[in-house]
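No value in this document is a laboratory result; all are computed from the given coordinates. Everything numeric here is computed off the predicted structure, so don't read it as measured data. For neighbour counting, all protein chains shown are included, and Cβ atoms are generated from backbone atoms with ideal geometry for every residue, glycine included.
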Amino acid sequence: MDDREEQITKRIEEIQRLSATDKNIDAPALIESLLSSTKEPGLSVKEKTRAYMVSLLLPPFGLYYVVKFFIKGEQSARRAAWTCIILTVFSLGTTAWLGYAILSQTPDLGELQGVSPQNLQDLNDLLGQ
């Protein structure tokens, strides 16, 4: 346990000891208040949203947030960093798959070289050029 957790544990034990001696003390309410006031500071919703959007829409730049969040060392920051990694990999994979699908539909050079000059002239005549 780290120092912070030890302090919280000592305070809870003190509240329980006091509530045992005095029945007017509402121990559950005091413990709940203690725990809600000592929540670990995490990432803001705005910061997480920005990181997730960058990871999804601009995949390589999402790695910036991965490094930034891992350096922070907080549990919520690490979870956000892993989410950014997953979104970045997903987005890169989707982009590669779509790029391959689009490029595989283009004609090969051999097919283009097989077009006769007469066919090109007929096409120009049809287009009015």
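With R₀ fixed at 41 Å, the C-beta to C-beta distance from Glu14 to Lys46 puts the FRET efficiency at about 0.65. Just checking the listed ones, Leu87, Leu30, Leu57: in the Gaussian network model of the chain with Cα springs under 10 Å, the one fluctuating most is Leu30.
If you average the C-alpha positions of the stretch 1-25 and of the stretch 55-100 separately, how far apart do those two centres end up, in angstrom? Each part reduced to its Cα centre gives a spacing of 41 Å. Against the set (i) 0.94; (ii) 1.13; (iii) 1.50, the structure's computed Rg/Rh (Cα atoms, Kirkwood Rh) falls on (iii). In the chain, the calculated helix contribution to ellipticity at 222 nm averages -25000 deg cm²/dmol per residue, counting -39,500 (n - 2.57) for every DSSP H run with n ≥ 4. Split the chain at each of the trypsin sites (Lys or Arg not before Pro) in a DSSP loop with at most 11 other beta carbon atoms within 10 Å, and the longest piece is 40-129. ³J(HN,Hα) across the stretch 120-128 via Karplus (A = 6.51, B = -1.76, C = 1.60, θ = phi - 60°), whole Hz, x for Gly/Pro? So the J values, rounded to whole Hz, are 5, 5, 5, 5, 5, 5, 5, 7, x. When the chain is treated as a GNM with alpha-carbon contacts under 10 Å, the residue of Ala27, Ala101, Ala81 showing the greatest mean-square fluctuation is Ala27. Placing a label point 7 Å from the Cα of Leu103 along the Cα-to-Cβ direction, the residues of the stretch 49-72 whose backbone N falls under 19 Å from that point are 59-60.
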